[in-house]
Every structure is written in C-alpha cells, then in structure tokens.
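Take a look at the structure below.
The values are calculated or read from the model by the stated rules, or taken from the named source; none is laboratory data. A quick note: this is a predicted structure, and the numbers were derived from the prediction, not measured. Methodologically, a virtual Cβ is constructed for each residue, glycine included, from the backbone with ideal geometry; neighbour enumeration extends over all protein chains shown. Note: accessible area is taken over every heavy atom of the protein model, side chains too, but ligands, DNA and RNA are not part of it. Shrake-Rupley method; radii C 1.70, N 1.55, O 1.52, S 1.80 Å.
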Amino acid sequence: MAALSMGLLMQLGVSCHKPIPANLSSVSLIPAPVELNSSGSSLLLDEGTTVYVQNDDLKGLGTLLSEQMASLTGLEFNVELSKNAPSKGIYLAIDAEVNVAEEAYALTINEKVLVLKAANPAGIFRGIQTIDQTIVKHEGETTAWIIPTGSIVDYPQYEYRGVMLDVSRHFFGVEDVKRVIDLAANYKINVLHLHLTDDQGWRIEIKSWPKLTSVGAQTQVGGGEGGFYTQEQFKEIVAYAKERFVTVVPEIDMPGHTNAAVVAYPELNGTKKKAELYTGTKVGFSTLATRKEVTYQFVDDVIRELSAITEGPYIHIGGDESHVTKEDDYVYFINRTKAIVKKYNKTMVGWDEMAHAAIDAADVVQYWAKDKNAVMGVEKGAKVLLSPSKRMYLDMKYDSTTHIGLDWAALIEVDQAYNWDPEKLVEGIDKEDILGLESPLWTETVETMDDIEYLVFPRLIGHAELGWSLPEKRDWESYKKRLAVHGKRLKNKGVDFYQSKLIPWEIE
Ligand code: ACM
C-alpha cells in the first residue's frame, strides 16, 4: 500500500524530497547583510519552482530573478502573477513596512517558500542579488540546487555606491558599459559615473555644438579611433541602468581637461597655445576661457542637453587639476557653472578642488586627493563622496608586477582596497557628511573589456561591501573567505578578474 501511494505520488510528479540540512550563515554573501538568521534546513529549486510576483509592475523583476537563477543552475523557472503569497515557490511582493531605509529588503525562506519583500522595486532588486548568492549546489547522492532556510533583513549604510568609467582616455561602446552595469549591480552598486570628456576625447553628442564629436571624439590615448555616444545611445545606457536600479552620473570635466573641446571650438580656449588633438597622458595643460561669455553659452547648452537625457539627479562638472586656470578664474567659473546646473534642476558634483568655490549644501564634493578640500567642502555644507585614490582608484596596479595600470597614488592589493573604514578616513568628516563611495577606473592604460574586468574585479566587490555593510559586519578574515567563493561565480560569468594570492580562491 505504502509502495503503491509512493508510486502514485511519483507519477503525479509530487516531490518526496526530504529537505537537505543547510546553514544560511555559512553562505558567502557579499555585501554582508545587516541581520541574518539561519534555521538549518533548505528549499529545493527544481524545474517546477515558480517565481510568483504580486503585481504586474514586478513582472520584469520576476523575470530577471528567474534568468539569474537559470544562468546559475541551468534550470528553468516560470514567472506567474499571484496576489497572495503561494504555499510553494518564490514570491516577490511590495510591503510598505519594510521601510527601515531606501533599498531595504526582507527575505524569509522555509522549506516550501521563499518570500522577498521590500517597500519599493529597488529593494526587491537588491534582494534578488542576495537570493542569487544564497543558491548552493548540494553534491550528495544526487546533485541538487538548494537555498538554505532562515531570514535576512538588509539595507545599505550609504545611499550612493558607485563605480566610474573613464570613456575619454579610451572609448568603450554601449555593450561594454552594459556589462559593467550588470557586473556591478550584482554587488548592489547603484551608480555608474561616466567620465565623458577629457583632453583626449569628447564622448557625448551635443547637438548645438556638433564639432565636439565630429572633431573632438576622433581619437584617444595611443592614437586609436576614439568614438562617442549619440544621445540615443546615451539614453539606451540610462534606460538599461535604470532597469537595474543604477543611476547614471554624466561628467563633463571643466574648466581643465578640455583640450578636445577647445580643438573643436578654438574660441573656448583659455590658453594662448593653439590646441591640437591629443593622444598622450599628461594632465593639467588645458582650460576653457573662463572670462568669455561664449564659454557660458557653451556650458549652458551642454548642461541643458545633457540634463534632458539624464534621469538621475546629478551632473558632474569635473573641476579637477585645472593647473593653467588662475585661482580666481577657477572660482568664477565654478560659481557660474553651479548656477547653470541649478537652472536645469540638477545637483552639482565635482572633484575635491571644487570646494574652493562658493559651494553649499546643494552640492557634492568628490574626495580623491586632498583631505583639506574635502573638509572645506563639508564646512560649506556640501556632502562628500569618497574616492580616496590610495584605496579606491581602480586604475592603480595591484602590485609592481601588474601588467596594466598606474602607480602614482599607491599599489592597491585586494586587502588595501578593502581594509579601511570610510567613517574614519578623514578627520573632520563623519558618517553623516558622507553621501557614499565611488570607485573610479581611469583608462589611460585600459584598452579592452578584459582590461576593465582585471582592474575592477575583485576590488570593486570590496568597495561594494564598504558602502553597504555595517562596520561591525566587515572583517578582512571573513571577507577573504567569502570572496574566495565568488571566484567561481566570476569565472562562470567570464570575468577576467585578478586572482590575488591573498585570497584562497575556490575556483574549480
Ligand atoms: C582625478 O584623478 N584627477 C580626479
């Protein structure tokens, strides 16, 4: 009789699986979540597992989760609508009470159901990245894909967790940018800063000043052909990022770093030297003509066109290394540019030198070089975005043998990138002064997607944890073991990451 009903059950396709014991606490989550409890059992994933979403707005996210799980496990998962929590499967739902912070989410997993709740889709998206990391391959008598049971409540320490890509020194096309967005979003990075203009190339179409690209985009470091994004392509990047809850911050670097612009329009040139297209790597030799009105017509047109295709709140105006701009001309320029950015309802971000101008609580100072500048910015009421070059510059070599990269700020091994505390970095800058963290990748020596991946990974993953996780949840010994497990994930995604000897990689 018993055998008969078992056979019948099997015929009906009902699983008789006994839950596999598992420990949610020993899953290698990065960034480490705020609160995690393990209940010692597991949920089995198989072809019958369905991802249910509470409403139509979550369908895209349900599909994204099913695709991420499929790519990891090789299984297929249906997505269906369900107003109420199902008795079996995976459920994504909006719950206004999960409101401890923006992007917060709550995850509960028992032997039958996984429920992910958040107050908004951004929280659901962050939670999906966690679910993806909780999936474990269990190798027993047979291989099974399981999720350990328990609960997670999680939210970020900093609202801005960014990565910057310099597309001026070497140009990277839309598909490369999308890959950077995908890989970064897996670790809850939520901002992509594009350094769109510099001495070597202007990379964004500005319809009212067409020579910026027809002339200024035509080369890059080393003399390659350069390139630029049409406004349609830029909008495509912004839309792609938005679907992954990543904000794009475009940068027009001014008044220095403007050689490509002044080659295209010599009337903007603030030096006496005739400008020519530049394919070298020196900095600090160019400036806009800060006392000419045509310059402010230019800045207004550029910010107006750029603001119209940028969904996020920020416009980055550069402001670094203007070595051939007189100090009072520099301050005059930033002050006038600030008014233009404000006119287009955007928040101005600038590198730390910008603190010398009349900035205020509406602005964001990006610390890269000088403590003094960052503190001055805070004293004027601005928020600080941390990108300390000795810890976060992704173009720095890992060690003296690294085949690409620079070393003027530091050699940054994986521990040097991870093992510091943003709140304690600069005396006079406290947690409440800090908007967040950003990891810049300058591309003087970076020519291919493989080069990008090699310098970005794994250091960005450590920065992602610094931006998201509580200080008491961060610890190098724990982190390096967790990162070791992510080696396999990175490899499965074809990421050409740096296999630091400091990490006990688990790759095979
Ligand atoms: C910079 O590295 N010049 C911001």
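Summary of computed values
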item: Rounded accessible area per residue of region 251-298, 1.4 Å, Å²; result: 45
item: Cα-based convex hull, region 348-501, per residue volume (Å³, whole number); result: 120
item: Which of 137, 380 is most accessible, then next, and so on - probe 1.4 Å; result: 137, 380
item: Share antiparallel - DSSP beta bridges, the chain, percent rounded to 5; result: 35
item: Isotropically averaged projected area of the chain, using the convex hull of Cα atoms (one quarter of hull area), nm²; result: 24.7
item: Low-density loop positions, chymotrypsin sites (Phe, Trp or Tyr not before Pro), region 303-378 - DSSP coil, at most 16 other Cβ in 10 Å; result: 344
item: Potential extension, residue 132-residue 110 segment - 0.36 nm per residue separation minus Cα distance; result: 6.3 nm
item: Computed helical MRE - 222 nm, the chain, DSSP H runs ≥ 4 contributing -39500 (n - 2.57), nearest 500; result: -9500 deg cm²/dmol
item: Coil-residue trypsin sites (Lys or Arg not before Pro) of region 330-373, DSSP, other Cβ within 10 Å capped at 16; result: 370
item: Angstrom value of the Kirkwood radius, inverse mean 1/r, which spans all Cα pairs in region 270-376; result: 14.7
item: Rounded Å value of the spacing that divides the Cα centres of region 196-253 and region 157-181; result: 12
item: Pairwise label distance in nanometres, residue 71 with residue 23, each label 7 Å out on the Cα-Cβ vector; result: 3.1
item: Percent breakdown of C-alpha pair distances by 10 Å bin, ordered from the shortest bin, for region 312-433; result: 13, 39, 31, 15, 2
item: Using alpha-carbon coordinates, inclination of helix 121-134 to the longest axis of the chain, degrees; result: 60
item: Per-selection Kirkwood Rh - region 202-338 (Cα, Å, 1 d.p.); result: 15.5
item: Simple label model, 7 Å out from Cα along Cβ direction - residue 174 to residue 97, nm; result: 4.4
item: Region 456-487 and region 307-369: distance between their alpha carbon centers, rounded to Å; result: 32
item: The chain - percent of accessible surface contributed by carbon and sulfur, probe 1.4 Å; result: 51
item: Spatial extent of region 20-143: Rg and Dmax, with the Cα atoms as the point set, Å; result: 13.8, 43
